[in-house]
Ligand code: NAD
Ligand code: WQD
């Protein structure tokens, strides 16, 4: 089976490509490297000891996307490509709407042209907004509080409409909770450009000495220790969730929706402690004001994915912290530690 992975050079995409290759799928990656680089692709192939096909192409440019489908008989698409920084999306919303929505429209139209109608879409727990109870099941009400989240919500709705109009489409909406960690080899990991937006890369850059201290955004939430609680999931578990989704889509189920989380919530202070234990490094931090738009707590009911995909997250908080630290230590400035091979 041949899978097109859009955004396959990125954080979650790269880990998924390794697992796909290990599972004997043929992999074609399309990425414009707007938030990634060639070195990640080199490492994927080294880790899996297999080759993938690669197109440096932008989803906004239909002819180059069409070329991929002309060159390869694609069976299914895993669609990771998109811009993902919540804060940035509030400053440059049009860029987010254009990239994420138009990119997806182009992809879907070209998939239709080539009669490729099997899609796994990277959605996010952000579509649940501020949930009134926990844990969150897939049937909870949906809302968005920022342009990034709105692109996810809109694409989910567009994909539902597409299936309503043409029942040949089989689509999985995978709602990720908080992806963290790195490949256990330390060869692949999250490589944010500039100041990290997310907690885990921030902590690991403090640990490695790139940043002086972490700001803990609020310690007055209605949570056990006052800091925000999230469902952190190891990126390899997340990658495996995509692999388990492919046979599900082969059953032609129409649109299916799954939470990919662990079902456990950890606070910011628990994450700091976990990381200190796993790394042996002290994490300097100070409590500051709440970050606007943050919610107190968010964690998944992940039982539907267990029941229907036979998937559940297997890695612990210690694994998430150890693997992040291993990646950060081996690659203190990310993929740029390796000479660029373009
Ligand atoms: P990432 O930025 O590491 O990967 C996205 C990849 O898509 C990058 O390699 C980038 O170069 C590429 N890309 C972006 N726009 C493109 C375009 N127009 N054409 C071609 N390539 C393009 O992000 P990630 O963390 O791996 O996230 C993957 C997907 O999962 C995204 O859709 C993101 O919104 C979603 N998601 C991420 C998280 C998270 O916290 N990381 C949580 C929930 C959902
Ligand atoms: C986690 C916790 C912060 C940074 C975001 C997106 C969401 C999804 C995943 C894409 C919160 C606290 C953070 C820091 C801190 N992405 N924190 N200091 O906000 O749950 O989710 O990434 O779909 O859409 O919103 O993740 O890692 O930013 O924050 O105290 O420097 O850590 O307040 O409680 P978040 P995060």
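Given the criterion away from ligand 1 (no atom under 16 Å from the Cβ) and under 17 Å from the mean Cα position of the chain (by Cα), identify the matching residue among 230, 244. Don't jump to the end; show me each part of the working.
Details: 230 fails: away from ligand 1 (no atom under 16 Å from the Cβ).
Residue meeting the stated conditions: 244.
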Next on the checklist: Are there helices (runs of 4 or more DSSP H) fully within the stretch 69-164 with at least 2 residues that are surrounded by 16 or more Cβ atoms within 10 Å (Cβ to Cβ) and without any contact (Cβ under 8 Å) to a residue 60 or more places away in the chain? List them.
Outcome noted: 103-113
Checklist entry - When residue 69 is evaluated against the numbered criteria (1) within 15 Å of residue 111 (Cβ to Cβ); (2) more than 11 Å from ligand 1 (Cβ to nearest atom); (3) in contact with a strand residue (DSSP E or B) (Cβ under 6 Å, 6 or more places away or on another chain), which criterion, by number, is the only one it fails? => result (3)
Checklist entry - Is it the case that some residue within the stretch 149-158 is over 19 Å from the mean Cα position of the chain (by Cα) and closer than 22 Å to residue 311 by Cβ? => result no
Next on the checklist: Which numbered condition in (1) in contact with a helix residue (DSSP H, G or I) (Cβ under 9 Å, 6 or more places away or on another chain); (2) more than 25 Å from residue 303 (Cα to Cα); (3) in a loop (DSSP other than H, G, I, E, B) is the only one that residue 221 fails?
Outcome noted: (1)
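To keep it simple, each residue is scored yes or no on (1) at pLDDT 95 or above; (2) more than 11 Å from ligand 2 (Cβ to nearest atom); (3) closer than 24 Å to residue 241 by Cβ.
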position	(1), (2), (3)
81	yes, yes, yes
84	yes, no, yes
98	yes, yes, no
106	yes, yes, no
112	yes, yes, no
Next on the checklist: Tally up the residues in the stretch 314-342 that are closer than 22 Å to residue 273 by Cα, out of contact with any helix residue (DSSP H, G or I) (no Cβ under 8 Å at 6 or more places or on another chain) and either at pLDDT below 95 or not in a helix (DSSP H, G or I) (or both), please.
Outcome noted: 2
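Only one of these is near ligand 1 (Cβ under 8 Å from one of its atoms) and in contact with a helix residue (DSSP H, G or I) (Cβ under 7 Å, 6 or more places away or on another chain): 81, 48. Name it. Let's see the steps before the verdict.
Numbers: 48 fails: near ligand 1 (Cβ under 8 Å from one of its atoms).
The match here is 81.
Please state which one of 291, 307 is part of a helix (DSSP H, G or I) and surrounded by fewer than 15 Cβ atoms within 10 Å (Cβ to Cβ). Spell out how you get there, then give the answer.
Values: 291 fails: part of a helix (DSSP H, G or I).
307 is the lone residue from the list that is part of a helix (DSSP H, G or I) and surrounded by fewer than 15 Cβ atoms within 10 Å (Cβ to Cβ).
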Checklist outcome for this item: Among the residues of the stretch 195-218, the number that are near ligand 2 (Cβ under 8 Å from one of its atoms) and in a loop (DSSP other than H, G, I, E, B) is 4
Item to check | Unmet criterion (only one of (1) more than 14 Å from residue 173 (Cα to Cα); (2) surrounded by fewer than 20 Cβ atoms within 10 Å (Cβ to Cβ)) for residue 255 | outcome: (1)
Next on the checklist: I'd like the residue in the stretch 5-36 that is more than 8 Å from ligand 1 (Cβ to nearest atom) and under 25 Å from residue 85 (Cα atoms) and, out of all such residues, is surrounded by the fewest Cβ atoms within 10 Å (Cβ to Cβ).
Outcome noted: 18
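Looking only at residues that are outside any strand (DSSP E or B) and within 15 Å of residue 120 (Cα to Cα) in the stretch 165-184, which one is farthest from the chain's Cα centre (by Cα)? Break it down into steps so the answer makes sense when it comes.
Here is the first cut: in the stretch 165-184, the ones outside any strand (DSSP E or B) are 165-169, 177, 181-184.
Still in the list and also within 15 Å of residue 120 (Cα to Cα): 168-169.
Values: 168: 26, 169: 23 Å.
Restricting to residues being outside any strand (DSSP E or B) and within 15 Å of residue 120 (Cα to Cα), the top hit is 168.
The values are calculated or read from the model by the stated rules, or taken from the named source; none is laboratory data. Every value quoted in this text rests on a predicted model; they were computed, and no experiment measured them. Here the Cβ is made from the backbone with ideal geometry for all residues, glycine too, and neighbour counts use every protein chain on show.
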